Amino acid sequence: MMGDFWNRWRLEFPALSRYCYLNTAASGVASQRVAAAGARNFSDYTQFGGVPSLQWNEQIENIRAEVANFIGASPEEIGFVSCTSWGMNIIALMLKQSKKRKIVMSDLEFPSSSLPFLNAGFDVVFVNNRNGAARIEDYEKATDKDTLAIVASVTQYLTGWRSEPKELAKIARKNEAYLVLNMNQTAGSFMINVKEADADFGCFTGVKWLCAGEVMGVLYVRKQLLDVFSPPVFGWRSVPDPYDMDNKNTTPVDSCRRFELGNIPLPCVFALGEAIKVYKEVGPERIEERTLSLSKMLAESLIEAGYDVVTPYEDERHRSGIIYFKVEDAENVVDRLRKMGVIVSYRHGGIRSSVHYYNNEDDIERFIDSLKTIGAVSKRGSSGRKR
């Protein structure tokens, strides 16, 4: 019965009939419903111009509420930004108003987590990973009273290691520091609640596991902190009543809308809203269970085929949909796989594969068979998990 359920949802993603797509960690396949939601706004513009603008503004606020519910926040704590990097830059510039300068993060972090803080002049301490894992005890050793914030991906982009936000928050609170979460590799695959995680700031987009295409980013700022930090950027929509069009008013609205500097790309917001509806219809618990099952199968199939898996996949509390492994001449292998219709990513001398709920067992079997067909061999000297 569940096989029929997943097969029906798979039909919503036409690209899956063209490719063996194991690359959601780079970019998820957009559903037909998401594409239609974005296209409707363009169609409305051709038929009505800007006449429905009041209706569109109401839709934006409804979607803001949906996004807030999606991560356990309030609508006032949600701002739409262009991407995760822009959101992280806003956070870095706000935190720059503090006296402390030390930022702690894993050496596994994606550049959108690290570069905004480095560029803002912070002293960034990178915690060394251990065999692909960002361990809580290592964050604890690196964090002290001089620390301004811990910046952490809920799911690491390379190895797929899932962190423990609640434990990170405890370390942050003990040292009077903030917790900043990069939720980009988590949103849409595993449930995240910023209140339960006790997070102060966070960002994500819909391009990956929400399967919403290249849409908007989302910025979360704890409501109480809006009174602590002045907005480092400002635009005509940053004020309580933007349509008053007062060109001398620099009083920010008491919400994260203050970071929405101008007009928002409506098709992107509507696509993001539809993607969250799809996510809820499929079922968050079902998606988690499906992802964990497929990623375990993928890791074990790779090991059985003789490949060294770097991802610490054994404990499902830390496993995600990402499985990273090393092969010789990995970049060429990825290119040859692409020509065979098998889509994965080359990352740091290895191959990052990723499974989502729309994948199935046949995808994994085809992937393994394709690796064997082109003669891909495990990288010599790799310290990954072996058969």
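A few points about this structure:
- Of the residues in the range 117-135, none is within 22 Å of THR291 (Cβ to Cβ), outside any loop (DSSP other than H, G, I, E, B) and at pLDDT 95 or above.
- Residue in the range 294-315 that is polar (S, T, N, Q), under 20 Å from GLY132 (Cα atoms), modelled with pLDDT of 95 or more and over 20 Å from the mean Cα position of the chain (by Cα) present: yes
- Looking only at the range 225-249, and only at residues there that are part of a loop (DSSP other than H, G, I, E, B) and among the small types (Gly, Ala, Ser), the one that is farthest from GLU77 (Cα to Cα): GLY235
- Filtering ILE150, ILE91, ILE192, ILE103 for residues that are in contact with a strand residue (DSSP E or B) (Cβ under 9 Å, 6 or more places away or on another chain), assigned to a helix (DSSP H, G or I), at pLDDT 95 or above and at negative phi leaves a single hit, ILE91.
- The test for being over 27 Å from VAL207 (Cα atoms), not assigned by TED's automatic domain parsing to the domain that holds ARG352 and not in a helix (DSSP H, G or I) does not hold for LEU108.
- Going through (1) assigned to a helix (DSSP H, G or I); (2) of a type outside the set (A, V, I, L, M); (3) crowded, with 23+ Cβ neighbours inside 10 Å one by one, ARG366 falls short only on (3).
- Within the option set GLU260, GLU289, GLU274, GLU316, being outside the structural domain of CYS211 (by TED's automatic domain parsing) and closer than 29 Å to ALA37 by Cα holds for one residue only, GLU289.
- Filter pass, ASN247 being surrounded by fewer than 17 Cβ atoms within 10 Å (Cβ to Cβ) and either aromatic (Phe, Trp, Tyr) or over 26 Å from the mean Cα position of the chain (by Cα) (or both): yes
- TYR21 meets the conditions (1) touching an Asp or Glu at 6+ places or on another chain (Cβ under 8 Å); (2) more than 17 Å from ARG290 (Cα to Cα) in every case but one. The failed one is (2).
The values are calculated or read from the model by the stated rules, or taken from the named source; none is laboratory data. Because the structure is predicted, anything quoted here is derived from the model rather than measured. Don't worry about glycine lacking a Cβ; one is built from the backbone with ideal geometry, like all the others, and counts go over all protein chains shown.
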